[in-house]
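Below: the structure, in structure tokens.
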Amino acid sequence: MEVAVVAVLLTLLAVITVVIIRQRSLFGVVILAGTYSFLMASVLIALDAVDVAMTEASVGAGISTVLFLATLYLTNSREYPVPRPAAIPLFVALGVTAVLIYGTLELPRFGTADAPIHKHAAPRYLEKSVEETTVPNVVTSVLADYRGFDTLGETVVIFTAGIGVLLLLRGRRRRYSAETGDEVHENEA
Amino acid sequence: MRLDLILRIVSKLVLPFMLVFALYVHFHGDFGPGGGFQAGVIAAGMLILHGIIFGVGATKRIAPQGLIETMIPLGVLIYASTGIPSILAGLNYLNYAVFDLHHPSHGHHLGILFVESGVIITVFSTMVALFYAFGERGRE
């Protein structure tokens, strides 16, 4: 049953990807990308990764769709096709695909319990989390406690990225006068 | 937008539930799926929905831009300063045992809540500030 659900979802993902590539209206692309994120969230739920699914649904389908639409409002919502030779990009794409598939050959089979990643620190977290932190959701205790430094770094990344985008979007508003070189404040106007 | 009566009424009904759900995801993150990051995004989604339906000006009266932009570094500050008591007590940075020396596990629980509060504040305010910044560009 679960295999069938995942198979249907992955097929839909592939269909949406092809439609996005062929789509020229950027509004359609943004909406389809939101749909893609929702389907991806469903796949993650089927894989029992509920925390990641929640993030994908809220960030991928929610916030980024809104920000993309806001960008379209500021720019043009139609993509102009640029005629380009397709041979070199196709070659690069096929080459990267081949390398990636070659890379997966040595990986342990998907979902096997005795893969190295499940044998290193994960059993320790699963056994000791409730005892050491009284938190039953191991995802939260790993994220905020055992790997607290990583999450501090992630928060700083969000902070830095947010400040950077704010500066980029606002940068144009402060202009310098051509004659005197003084700063001209337009914000008060 | 003025005439979209159904959208306006329905979003008015939905908005408080979105905020409560965000707080639920935040405070229940220790027991169920979710945590500060997801809660922050959902709470920001609530303000963004408000901004889309009622206009960014009305949203800025509820959540002033200055306040939102102060909250971005505030969250990081809360997170980073959570680790300072443990340094003063001679433990490792971000060792939450310091918050309850008799039951270290309870201290860890509290510490996780503090840290997640820092995350929710930064994520929420960053998302809303980005939305405001896009809205400002549109008016020029």
Open item on the list: Given the criterion touching a helix residue (DSSP H, G or I) at 6+ places or on another chain (Cβ under 7 Å), more than 9 Å from chain A (Cβ to nearest Cβ) and in contact (Cβ under 8 Å) with a residue 40 or more places away in the chain, identify the matching residue among B:131, B:124.
Closed with: B:124
TODO: Residues that are under 24 Å from the mean Cα position of the chain (by Cα): find the helices (runs of 4 or more DSSP H) completely inside the range A:42-154 holding 2 or more of those.
DONE: A:50-55, A:64-74, A:87-105, A:138-141
Task: Search result, residues across the range A:56-82 that are surrounded by 11 or more Cβ atoms within 10 Å (Cβ to Cβ) and of a type in the set (Phe, Trp, Tyr) - done: A:68, A:73
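One line per residue, one yes/no per condition, for (1) facing chain B (nearest Cβ under 7 Å); (2) on the phi < 0 side of the Ramachandran plot; (3) modelled with pLDDT under 90:
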{"residue": "A:127", "(1), (2), (3)": "no, yes, yes"}
{"residue": "A:133", "(1), (2), (3)": "yes, yes, yes"}
{"residue": "A:136", "(1), (2), (3)": "yes, yes, yes"}
{"residue": "A:140", "(1), (2), (3)": "yes, yes, yes"}
{"residue": "A:144", "(1), (2), (3)": "yes, yes, yes"}
{"residue": "A:156", "(1), (2), (3)": "yes, yes, no"}
{"residue": "A:161", "(1), (2), (3)": "no, yes, no"}
{"residue": "A:170", "(1), (2), (3)": "yes, yes, yes"}
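Which fully enclosed helices (runs of 4 or more DSSP H) of the range B:37-140 have 3 or more residues being β-branched (Val, Ile, Thr) and out of contact with any strand residue (DSSP E or B) (no Cβ under 9 Å at 6 or more places or on another chain)?
B:56-62, B:65-82, B:104-139
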Open item on the list: Take the residues in the range B:74-117 that are in contact (Cβ under 8 Å) with a residue 40 or more places away in the chain and within 9 Å of chain A (Cβ to nearest Cβ); name whichever of them is farthest from residue A:153 (Cα to Cα).
Closed with: B:109
Open item on the list: For the range B:26-54, give me each residue that is of a type in the set (Phe, Trp, Tyr) and closer than 15 Å to residue B:117 by Cβ.
Closed with: B:27, B:37
Open item on the list: When you scan the range A:80-101, do you find a residue that is touching a Phe, Trp or Tyr at 6+ places or on another chain (Cβ under 9 Å), in contact (Cβ under 8 Å) with a residue 12 or more places away in the chain, more than 14 Å from chain B (Cβ to nearest Cβ) and more than 19 Å from residue A:36 (Cα to Cα), even just one?
Closed with: no
TODO: Check the range B:47-70 and report whether any residue there is closer than 30 Å to residue A:48 by Cα, more than 8 Å from chain A (Cβ to nearest Cβ) and within 18 Å of the chain's Cα centre (by Cα).
DONE: yes
Open item on the list: I need the full set of residues from the range B:46-62 which are touching a residue at least 40 places away in the same chain (Cβ under 8 Å) and touching a Ser or Thr at 6+ places or on another chain (Cβ under 9 Å), in order please.
Closed with: B:47, B:48, B:51, B:53, B:54
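If you take the residues in the range B:1-13 that are in a helix (DSSP H, G or I) and within 23 Å of residue A:68 (Cα to Cα), which one is farthest from the other protein chains (Cβ to nearest Cβ)?
B:8
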- [ ] Run down B:25, B:41 and say which single residue is in contact (Cβ under 8 Å) with a residue 40 or more places away in the chain, surrounded by 20 or more Cβ atoms within 10 Å (Cβ to Cβ) and within 13 Å of another protein chain (Cβ to nearest Cβ).
- [x] B:41
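The values are calculated or read from the model by the stated rules, or taken from the named source; none is laboratory data. Nothing here was measured: the structure is a model prediction, and the numbers come from that model. Please note: Cβ atoms are built from the backbone with ideal geometry, for glycine as well, and neighbour counts cover all protein chains shown.
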